[in-house]
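The values are calculated or read from the model by the stated rules, or taken from the named source; none is laboratory data. Remember, it's a predicted structure, so these values are computed and weren't measured experimentally. Positions of Cβ are generated from backbone atoms using ideal geometry, with glycine treated the same way; all protein chains shown enter the neighbour counts.
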Amino acid sequence: MANGTASVPRLQQPPKDGGSYVIPQLEGEMITIPGSKGVFRVLASSLQTGGAMSVFTSGGVLADAPGFHHHNEAHDIFIVTKGYMKIWNGDRCKILGPGDFTSVPPGVIHNPHTLGPHSESFGVITPGDWLDFFRYIGESYDGIVVPESDSRNILEHLIPKVKAAAGKYDVVFHPEHKGCAVSEWTTEDEVIPDTTKSYYLRANTGPRWILGGVISRPFITTKQCDGKFAISSIESSSVHKASCPFQRKLTFPRTHHCFAVQEGVLDVVVGDASSCRVAEGEAIFVPAGIPFQLNFSSKFVRVWTFTTGDGIESLIHHAGIPFGSYVLPDKPKPWEERQLLEACQKFSVQVS
């Protein structure tokens, strides 16, 4: 409690009864697939998003890839944060390092391979119920980072489970599929397509928008996933506090937000709760219909936003202007209150 106001709870796992919450560093619902030498840390799933999406981190050391497969309905994404991953996506394959991204729409054969020596990534999958497949083939993990010494045979564990689950989960394996060779990054991998298709996006490339002293660098918008979700890197600074457009409470009636802090400190006021501090490595979930306010509280703040539709990133894109530079400017760009209010009206966002 602070000044008689409730605070947002800090939980080791997402709650089953809804509401806002903070997940500390290296926490979440932790699942490991025996022999994979890796861990999934679930930050939000169907229980919190009404089935719309699941957000998780995954980490591991060098191990066998899960195998080529596709989903009939589920859309999959990967963003590497540490180490390297080789990811086959349709008819292409690339080595992804920190900040690199790839989008895998339904029907596209893919295969992620953790190269190590210790790699971490963020993942989103929608619909969120697909995460039940991880729960079915995996088991709970209560360690610190990853089970590097787990030498069990992953295939001996997976094959019986997969056969038993035939038709139950949206995953179709292609054991005879031959992956293509690794290709180099090109300028094609520095833009986001206008439609739903598989693509790679190299770190720190793609479109950028700025609204006052806040930058949005989208990995994927609702245009590339049939309106299902969006992911963006939001960057700002305490130096730009006076020109921050989000120091007022915004209510997104249909869009859930998961904010994962990559650098710096973010203070979030949720509903009538006291301000909640979210530091690097931590995440905060805010359900649709709950007002929130953002305060960028360190000299540089980088937050990745995962939303179940048009969220705070869409306000920046529509109320802001294209940004040609690559780093947060020393001085904010001019912006008009009218443009923000028009963007809020466009996306049915309520402004306190």
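Applying the selection to region 28-44, what residues are at pLDDT 95 or above and either at positive phi or in a loop (DSSP other than H, G, I, E, B) (or both)?
Of everything in region 28-44, just one residue is at pLDDT 95 or above and either at positive phi or in a loop (DSSP other than H, G, I, E, B) (or both), namely G28.
Taking the conditions exactly as written (within 25 Å of N295 (Cβ to Cβ) and touching a residue at least 24 places away in the same chain (Cβ under 8 Å)), does I234 satisfy them or not?
Details: within 25 Å of N295 (Cβ to Cβ): yes; touching a residue at least 24 places away in the same chain (Cβ under 8 Å): yes.
Judged against the criteria, I234 is a match.
Can you name the number of the only condition in (1) outside any loop (DSSP other than H, G, I, E, B); (2) surrounded by 23 or more Cβ atoms within 10 Å (Cβ to Cβ) that L47 fails?
(2)
So which residues in region 57-73 are closer than 16 Å to L155 by Cα and either in contact with a Cys (Cβ under 8 Å, 6 or more places away or on another chain) or of a type in the set (G, A, S) (or both)? Talk me through it step by step, then tell me what you get.
So in region 57-73, the residues closer than 16 Å to L155 by Cα come out as 62-69.
If the condition is that a residue be closer than 16 Å to L155 by Cα and either in contact with a Cys (Cβ under 8 Å, 6 or more places away or on another chain) or of a type in the set (G, A, S) (or both), then A63, A65, G67 are the ones that fit.
Against the condition in contact with a Leu (Cβ under 8 Å, 6 or more places away or on another chain) and not small (G, A, S), how does P245 come out, does it pass?
Values: in contact with a Leu (Cβ under 8 Å, 6 or more places away or on another chain): yes; not small (G, A, S): yes.
Here the answer is yes, as P245 does meet what is asked.
Is one or more of the residues making up region 17-27 closer than 24 Å to D272 by Cα, in a loop (DSSP other than H, G, I, E, B) and free of Cβ contacts under 8 Å to residues at least 24 places away in the same chain? Show your work before the answer.
To start, the set of residues in region 17-27 that are closer than 24 Å to D272 by Cα comprises 17-24.
With the extra rule that they be in a loop (DSSP other than H, G, I, E, B), the set shrinks to 17-20, 24.
Going one step further and asking which of them are free of Cβ contacts under 8 Å to residues at least 24 places away in the same chain, we end up with 17.
Taking every residue of region 17-27 in turn, at least one turns out to be closer than 24 Å to D272 by Cα, in a loop (DSSP other than H, G, I, E, B) and free of Cβ contacts under 8 Å to residues at least 24 places away in the same chain.
Residues that are more than 26 Å from T196 (Cβ to Cβ) and modelled with pLDDT under 95: find the strands (runs of 3 or more DSSP E) completely inside region 92-173 holding 3 or more of those.
Details: elements: 92-96, 101-104, 110-114, 119-126.
It comes to none.
Select from region 167-217 the residues that are more than 22 Å from K94 (Cα to Cα), crowded, with 17+ Cβ neighbours inside 10 Å and without any contact (Cβ under 8 Å) to a residue 40 or more places away in the chain and list them in ascending order.
Selection gives Y169 alone.
Does any residue of region 225-238 turn out to be more than 29 Å from E73 (Cα to Cα), assigned to a loop (DSSP other than H, G, I, E, B) and touching a helix residue (DSSP H, G or I) at 6+ places or on another chain (Cβ under 6 Å)? Don't jump to the end; show me each part of the working.
Filtering region 225-238 for residues more than 29 Å from E73 (Cα to Cα) gives 235-238.
Applying the additional criterion that residues be assigned to a loop (DSSP other than H, G, I, E, B) yields 237.
If we keep only those that are touching a helix residue (DSSP H, G or I) at 6+ places or on another chain (Cβ under 6 Å) as well, we get none.
No, every residue in region 225-238 fails to be more than 29 Å from E73 (Cα to Cα), assigned to a loop (DSSP other than H, G, I, E, B) and touching a helix residue (DSSP H, G or I) at 6+ places or on another chain (Cβ under 6 Å).
Could you go through region 287-302 and let me know if any residue there is in contact with a Gly (Cβ under 9 Å, 6 or more places away or on another chain), among the small types (G, A, S), over 21 Å from S45 (Cβ atoms) and in contact (Cβ under 8 Å) with a residue 12 or more places away in the chain.
Taking every residue of region 287-302 in turn, at least one turns out to be in contact with a Gly (Cβ under 9 Å, 6 or more places away or on another chain), among the small types (G, A, S), over 21 Å from S45 (Cβ atoms) and in contact (Cβ under 8 Å) with a residue 12 or more places away in the chain.
How about region 119-177: which of its residues are closer than 20 Å to M53 by Cα, of a type in the set (V, I, T) and touching a strand residue (DSSP E or B) at 6+ places or on another chain (Cβ under 7 Å)?
Answer for region 119-177, where residues must be closer than 20 Å to M53 by Cα, of a type in the set (V, I, T) and touching a strand residue (DSSP E or B) at 6+ places or on another chain (Cβ under 7 Å): V124, I125, T126, V171, V172.
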